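Nothing in this text is a laboratory measurement; each read-out follows from the coordinates by a stated rule. Quick caveat: nothing in here was measured; it's all calculated off a predicted structure. All Cβ positions, even for glycine, are placed from backbone atoms using ideal geometry, and neighbour counts span all protein chains on display.
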Amino acid sequence: MNQPAKPRLLIVDDEEDMLRLLKRSLSADLECEIQTASNAYQAMTLLEESPFDVVLADIRMPGMNGMEFLGRVRQEFPGLTVVMMTAYGTIDLAVQSIKQGAYDFITKPFEHEKLVHLMAKALERSRLVQENLLLQRKIEEQESLDEMVGASPKMQQIFETIRLISSADVTVLLTGESGTGKDVAARAIHKLGHRRKGPFVAVNCPNLPENILESELFGYRKGAFTHATRDKKGLFWEAQGGTIYLDEIGDISLTLQTKLLRVLQDKEIRPLGDTRSVKVDVRIIASTNRDLAAKMKDNLFREDLFYRLNVMSIYMPPLRERLEDIPVLIGHFLHRFCAEFGREARTVPPEVMRRLINHPWRGNVRELENVVSRLVLLSSDTVIRAEDLGADFVDPGDCLMTPEFNRFQYKEAKSRVLERFHQEYLASLLSRTSGNVTRAAKDCGLERQALQQIMRRYGVKSKHFHPEDDQETN
């Protein structure tokens, strides 16, 4: 079993005899590793090379004196415990050092027991500070992952990957279907990393036309185009010191891909209308629901950009690949929306939970979140009932168990079951796509003409699912 590392003490004094005396006397009574420095510059070098728990430094030193050294340490190593040494004639300076952040001071010549007691307290203070920082970090880590809910092995592996890569300032590519939580994962990576105090700037790439997206990302100079009446800093500049999240990057044009590649390679941007480039300090996280390998094969996505983005990759699985997470997610969303809407706590009985688990969830977690939100708002009881779910969640077996179907001959019952199935399936499908037949055909795996033929056969019209447009959606 590995022994915990000893705490480390750095003693700084310009008198070599004093350094030897202090190291010898303190080594005998304190369980710690001791190093010495004969001036403040040497001490700063040692601090930059490896961590220390406590610094014991003289106030009067040539070159950089103890007060200047204390100021540097407080700025560059704010959590470090510093004790100052002073002669009787400079006690006022020692008191001033306390005001500037020193833990304590001791006057020369030392009483050995008093010195040992003070340094033991300083080492204990340092230990408590480190434990507090570790606890705070764990709390921040948990809070950062709170919106990412899942008990399945796949999600646990994703949580662990996020913890590991968040501290490394590498580019991350998030892949997976729409609604799987790529944006939540991006925010978690940002919050767990050292840039967490910086801005998080999210850009939905497909929402903006190419020319507008370019000017939004990189900014522009006054006069760069007709309506550029003033300089504008782009989103990359706004993300300085933080993270920029490029959502659905697989949809950007080849021209913009080339310009983005330059940002990744050179860490600089060139605003539209400018002749000079500007350095940027940002972490890039990108996401896509596209098959980038297929797009590269068709020369629609640059291979060199892909490898620049894909330094670390996380695949966000759809709900159908982690069914065991659905009850956990439902519980999470019920708790959240009941509190948000001021409703009593809701419960989901087993038969209703079964229907929810068996639902295809083509919209993944985002669709599930919307459904639970609707259930909390519209349910009249604290127990969610099957009828609260709506037509999208009809159990295919329900229609076979009613007396109505038991009365019919086999062929008639089969015909009616098929008719009901088609009507309910098509209604669910077109509701999700707001009556867009092209998208509905793609979602259900049929050719558009084949889907239209089935719709005509069973009297289902797309206009009934697109209230803003009475014409059949193309």
(request) Using a cut-off of 9 Å between beta-carbons, work out the net charge of the residues near G150 (Lys and Arg +1, Asp and Glu -1, G150 not included). (result) 0
(request) Using a cut-off of 13 Å between beta-carbons, work out the net charge of the residues near K222 (Lys and Arg +1, Asp and Glu -1, K222 not included). (result) +2
(message) Among 348-360, 315-327, how do they line up by average Cβ neighbours within 10 Å per residue, starting with the highest?
(response) 315-327, 348-360
(message) If I take R0 = 35 Å and measure r between the Cβ atoms of I454 and N207 in this structure, what FRET efficiency does the formula 1/(1 + (r/R0)^6) give, to the nearest 0.05?
(response) 0.60
(request) Mind pulling up the Rg/Rh value for the chain? Radius of gyration and Kirkwood radius, both on Cα. (result) 1.14
(request) Report the extension gain between K442 and K23 in nm, rounded to one decimal, defined as 0.36 nm multiplied by the number of residues separating them, less their alpha carbon distance. (result) 143.3 nm
(request) Starting with the fewest neighbours, write out I384, I189 ranked by other beta-carbon atoms found within 10 Å of each beta-carbon. (result) I384, I189
(message) From the P(r) of region 398-465, could you give the percentage of C-alpha pairs in the tail past 15 Å?
(response) 54
(message) Taking loop as defined by DSSP and a crowding limit of 12 other beta carbons within 10 Å, which trypsin sites (Lys or Arg not before Pro) in region 197-238 fit?
(response) K197, K222, R230
(request) Report, ordered by chain and residue number, the aspartates and glutamates lying within cross-link reach of K222, taken as a straight Cα distance under 17 Å and ignoring same-chain residues fewer than 8 apart. (result) E214, D231, D274
(request) Give the cross-link partners of K414 among the aspartates and glutamates, using a straight C-alpha distance below 18 Å as the criterion and excluding same-chain residues fewer than 8 apart. (result) D395, D398, E404, E424
(request) Can you run the Rg to Rh ratio on region 150-317? Use alpha carbon positions and the Kirkwood inverse-distance Rh. (result) 0.98
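Mind checking the full-extension length gain between N370 and H422? Use 0.36 nm per residue of separation minus the Cα-Cα distance, one decimal, nm.
Working: separation 52, 0.36 × 52 = 18.72 nm, distance 2.45 nm.
Working it through step by step, the gained length comes to 16.3 nm.
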(message) Taking the alpha-carbon distance from K197 and a cut-off under 23 Å, which lysines remain once sequence neighbours fewer than 8 residues away in the same chain are dropped?
(response) K138, K182, K233, K267, K279
(message) Can you give me the distance in nm between label points at D231 and R355, each placed 7 Å from the Cα along the Cα-to-Cβ direction?
(response) 6.1
(request) Using Cα centres only, tell me the gap between region 186-247 and region 60-109 in whole Å. (result) 44
(request) Note the full-extension length gain between E113 and E303 as 0.36 nm times their separation in residues minus their Cα-Cα distance, in nm to one decimal. (result) 61.6 nm
(request) Would you mind computing Rg(Cα) / (2.2 N^0.38 Å) for region 1-119, counting N as its residues? (result) 1.00
(message) Net charge within 15 Å of S38 by Cβ-Cβ distance, Lys/Arg positive one each and Asp/Glu negative one each, not counting S38 itself?
(response) -3
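What trypsin sites (Lys or Arg not before Pro) in region 43-121 are in a loop by DSSP, with at most 11 other Cβ atoms within 10 Å of the Cβ?
Here no loop site has a sparse enough neighbourhood.
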